[in-house]
1. Relative to the longest principal axis of the C-alpha atoms of the chain, give the angle of the C-alpha long axis of helix 30-43, reported between 0 and 90° and rounded to the nearest 10°.
2. Give me the 1.4 Å probe accessible area per residue for the chain, excluding ligands and nucleic acids, in Å².
3. What nm value, rounded to one decimal, do you get for the distance between Q107 and S9 when each label is placed 7 Å out toward the C-beta?
4. Within the chain, what whole-number % of the accessible surface is contributed by carbon and sulfur, with the 1.4 Å probe and all protein chains included in the calculation?
5. Using Cα positions and a limit of under 25 Å, work out the lysines in reach of K89, with same-chain residues fewer than 8 apart set aside.
6. So what does I121 come to for accessible area, using a 1.4 Å probe and Å² rounded to 10?
7. If you line up the long axis of helix 119-128 against the longest principal axis of the chain, both from Cα atoms, how many degrees apart are they, to the nearest 10?
Amino acid sequence: MKLDNNNHSVFMLRYHLIMCVKYRNKVIDDKISSRLKEIFEKIAPTYNITLEEWNHDIDHVHILFRGQPNTEISKFINAYKSASSRLIKKEFPQIRKSLWKEMFWSQSFCLLTTGGATVDIIKQYIQSQGKKDDKQSY
């Protein structure tokens, strides 16, 4: 497992973000998805975010990214949604006909944390701390 670090900490913060087009309108094709990804990659470094994986369906995108402890994720998501919506409508004007009141993204999103261990394994590890193990001697 490769950990990230900065001056004061070591961490592994990975997130799975799912964003849907307003009313799940079917407007995302390969070309639009590619442009959305480029916009993400341009904005992300400002917020200490690194893209790891990107994919789309016709009405939503899936994004796997890394962050840092000081990453303001909600601010990043809002900045990304605002910039990408504006740029996509400008660069692909035909898309406006398929949007509701020209709104590209739904206001809501799904953000999940990811990691190498399940919650149950982490709970067991925490519960086992400070307990004497037969293999250890104190």
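1. Approximately 60 degrees, to the nearest ten.
2. Details: 9480 Å² over 138 residues.
Ligands and nucleic acids excluded, the figure is 69 Å² per residue.
3. 3.0 nm
4. Accessible surface attributable to carbon and sulfur in the chain totals 50 percent.
5. List returned: K22, K26, K31, K37, K42, K75, K81, K97, K101.
6. Taking all protein chains as shown, I121 has close to 90 Å².
7. Here the helix axis deviates by roughly 20 degrees.
The values are calculated or read from the model by the stated rules, or taken from the named source; none is laboratory data. Keep in mind that this is a model prediction, so the values were computed, not measured. Quick reminder, even Gly has a Cβ in these numbers, built from the backbone with ideal geometry, and neighbours come from all protein chains shown. The area values use the complete protein model at the heavy-atom level, side chains included, leaving out ligands, DNA and RNA. Shrake-Rupley method; radii C 1.70, N 1.55, O 1.52, S 1.80 Å.
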